[in-house]
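Values in this text are rule-based calculations from the coordinates and carry no lab data. Model, not experiment: these values are computed from the prediction. Cβ: placed from backbone, ideal geometry, glycine included. Neighbour counts: every protein chain shown.
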Amino acid sequence: MTPAADRFTGCLIGQCLGDALGFIVEGQPPAACRNYVETLMKSGGAEKGRRGPFAFGQYSDDSQLARELMRSYAEKGRFDAADYATRIAAIFTENRIVGRGRATEEAALRLAAGVAWEKAGTPPPSAGNGSAMRAGPVGLMFYDDAAALIAAARDQGRITHADPRCSAGAVAIAGAVALAMDDAPLEASAFLGQLADWAGSVDSAMADAVGRLVSWLPLPPDEAVTFISRAGLAEGFRDVWTGISPFVIGSVLWSLYSFLRSPDDYWRSVRTAIAVGGDVDTTAAMTGAIAGARNGLAAIPAGLARRLNDQGTWDYDDLTDLANRVWLLKTGKETP
């Protein structure tokens, strides 16, 4: 079945809005993030939030780079890793990035210096979520071709992150977007089983963690986070982050958990992603992309979505136009 155009717009707007909401409290501890969810998000006052010079609506590098991936696809008519790598380098060297990740910036500078995209990725043991955070659009581009989805998610990831756990996380997020667009009732065990299978073609540690998530889904968030935040970490490792850190395994799992706890409720899923604290712009961006693809644009709070922008550019209308362009290109339809 061909997904409706509003699944594509829902995915991109859902990612950007989740990102913008989480960006307000990124890096803050659980108590502060829970308070933000309870006092602003639940009360209808999220638009009052701001971070430094940025009023509510600014989205961060997570969604800037997802947008650039979609722009590359729309302009090239296909996934082109070299073109996307050029765009990553440019947004960093031109100082347009908001909330830059260290590993991604290091790779971007290598790209700008002429290193080939296949060799620019920051090597292990660096295993942040910078490749997974932007992978949602791959699920839109290749929802009907699992092999192509895995290849594109892996390759766009290794432009900046050479650790296979990072590419496998990107496969999991892209795959979740693709599966979420199916109108059939969602069965969590089958959903996670398919993602584990796809991720396992790239990295076994990520696949094992995704497979274990089914046993943690029944737990309430304050209990589930204890297990998810430690998934994939060496015994005895002490994390400086509280809540969910930028480590790719934990952040991907938390995003999947947040979505699967309420797959038919975009707003609730994003609140779950943020309330736990930590790297919540990224977890809310990934959760928002999946939930937006599942529920469509109409399920996303329009008043908040209309405030989206990137430093005064790439606002709601620009983003929806881009998503529609990708839908038209992918489906061969004449109008969305």
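Tabulated data
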read-out: Whole-Hz couplings from phi, Karplus 6.51/-1.76/1.60, listed for segment 136-143; x for Gly and Pro; value: x, x, 4, x, 6, 5, 10, 4
read-out: Three-way shape call for segment 171-271 based on the alpha-carbon gyration tensor, with the a/c threshold at 1.5; value: oblate
read-out: Relative contact order of segment 231-336, defined on C-alpha pairs under 8 angstrom at six or more residues apart (%); value: 19
read-out: Percent RCO, i.e. relative contact order, over the chain, from Cα pairs under 8 Å lying at least 6 residues apart; value: 31
read-out: Relative contact order for segment 1-77, counting Cα pairs under 8 Å that sit 6 or more residues apart, in percent; value: 35
read-out: Segment 54-116 shape via C-alpha gyration tensor axes, a/c threshold 1.5; value: oblate
read-out: For the chain, built as a Gaussian network whose Cα springs stay under 10 Å, the top-fluctuating residue of GLY277, GLY44, GLY57; value: GLY44
read-out: Cross-link reach list, lysines versus LYS330, counting only Cα pairs under 24 Å and skipping chain neighbours closer than eight places; value: LYS76
read-out: Residues with amide H under 5 Å from that of ASN309, placed H, sequence gap 5 or more; value: GLN58, TYR59
read-out: Listed residues SER43, SER262, SER72, most fluctuating in the chain (Gaussian network, C-alpha, under 10 Å); value: SER43
read-out: Under-5 Å amide H pairs with GLY278, H placed in peptide plane, nonlocal only; value: GLY27, GLN28, ILE244
read-out: Shape category assigned to segment 29-180 from the gyration tensor of Cα positions, a/c cut at 1.5; value: prolate
read-out: GNM result for the chain, Cα springs below 10 Å: residue of THR283, THR104, THR93 fluctuating most strongly; value: THR93
read-out: Summed side-chain charge close to ALA275 - residues other than ALA275 whose Cβ falls under 14 Å, Lys, Arg +1, Asp, Glu -1; value: -1
